[in-house]
Amino acid sequence: MSEENKENIVEAAPSDGSSKNAKRGILEALILFIKGIVVGVANIIPGVSGGTIAVVTGIFDPLIEAINTLFKKFKKNIKFILPVGLGLVAGVVAFSKLIGLSLEKFPLQTGLFFAGLVIGSVPLILKKAGAGENFKYKYLLPFAICALAVVALAVYQTYFSPETVSAAGELPKLSFGMILKLFFGGMLSAGAMVVPGVSGSLVMMLIGIYDDVLAMISGLVSFSDMHKVFAAALCAIPLALGIIAGIFTIAKIISFLFKKFRTGTYYGILGLLCGSVLALLISFRQYNIAFNVPGILIAVLTLGAGIAIAFFSSRLEKEGR
């Protein structure tokens, strides 16, 4: 073999290796994007925990690590966060209209499906809390506080808040109070999204910004009306800033709580879940529900389906550990 051919082979080898690495990188990014879509779909459904789905798909631990060490290993972390984040946004946008329509047309059936999802996730949180193994009466305190807080918030939103259910597709009117509400609502929701067992969208619903967020998402994809797109983008700015702030602050706080007060924190989460079921029932007053036998039977079926889906997801998480 001539020296020229040898040089050609040597020069070609790195190129082939780079090509394989590039293809592997694209495939890994695509997989992360798909997993992000699944987590995004979970986050848009009140009662479904995006954190739990993140654990099931195997991205929870690396995602938390990437967030906490973002600037220390920026290049590596951004390669992970970017496809997951884009997938999450894609999942939210793709399913937001469907969820909004379901709540508008079938509030009882949809609401009980959400309640079933919450109930079905309770065994997972009980297991995480170590119920029956290291139970102490003091753990009932965070349980009661969190449950009562959620119920009180639902009662206030349903009976005393002037802003209850937004008209379908109507963007919120920006005022100083609304900007603060969207910012802190986004912050709390983002923090909830990273906790397995807690639904960020349910937090949005309880705070009273869920319908506003659906309207924003709908407006952002209304490309035939660019005025509406810009108006929705303007409304989304304080929410987005709140979500970013929540990801970088509340996630760290929750991580600290899990390290220092793991069992008590899980009992607090359990209180949030149990309170959420009551809160969803209370919130039905905001909707015009026509009770009839077929509707009630379908609602019972959706409740059972929600319980089964959440319980099955919990089993998947357990097996994936």
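The values are calculated or read from the model by the stated rules, or taken from the named source; none is laboratory data. Since the model is a prediction, treat every value here as computed from it, not as a measurement. All Cβ positions, even for glycine, are placed from backbone atoms using ideal geometry, and neighbour counts span all protein chains on display.
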| message | Please go through the stretch 218-242 and give me each residue that is in contact (Cβ under 8 Å) with a residue 60 or more places away in the chain, touching a helix residue (DSSP H, G or I) at 6+ places or on another chain (Cβ under 8 Å), part of a helix (DSSP H, G or I) and among the aliphatic types (A, V, I, L, M), ordered by number. | response | 220, 231, 232
| request: Working only within the stretch 281-302, note down all residues that are small (Gly, Ala, Ser) and outside any helix (DSSP H, G or I). | output: 290
| message | Checking residue 70 against (1) modelled with pLDDT of 80 or more; (2) crowded, with 23+ Cβ neighbours inside 10 Å: exactly one of these is not met. Which one? | response | (2)
| task | Answer yes or no: is there a residue in the stretch 243-252 that is farther than 21 Å from residue 191 by Cβ, modelled with pLDDT of 85 or more and not aromatic (Phe, Trp, Tyr). | result | no
| query | Would the stretch 299-316 turn up any residue that is more than 30 Å from residue 127 (Cβ to Cβ) and either of a type in the set (Lys, Arg) or modelled with pLDDT of 75 or more (or both)? | reply | no
| request: With a cut-off of at least 1 residues that are at pLDDT 75 or above and either over 23 Å from residue 282 (Cβ atoms) or over 21 Å from the mean Cα position of the chain (by Cα) (or both), name the helices (runs of 4 or more DSSP H) lying wholly within the stretch 114-217. | output: 140-155, 176-193
| message | Among the residues of the stretch 58-80, are any at negative phi, touching a Lys or Arg at 6+ places or on another chain (Cβ under 7 Å) and not hydrophobic (A, V, I, L, M, F, W, C)? | response | yes
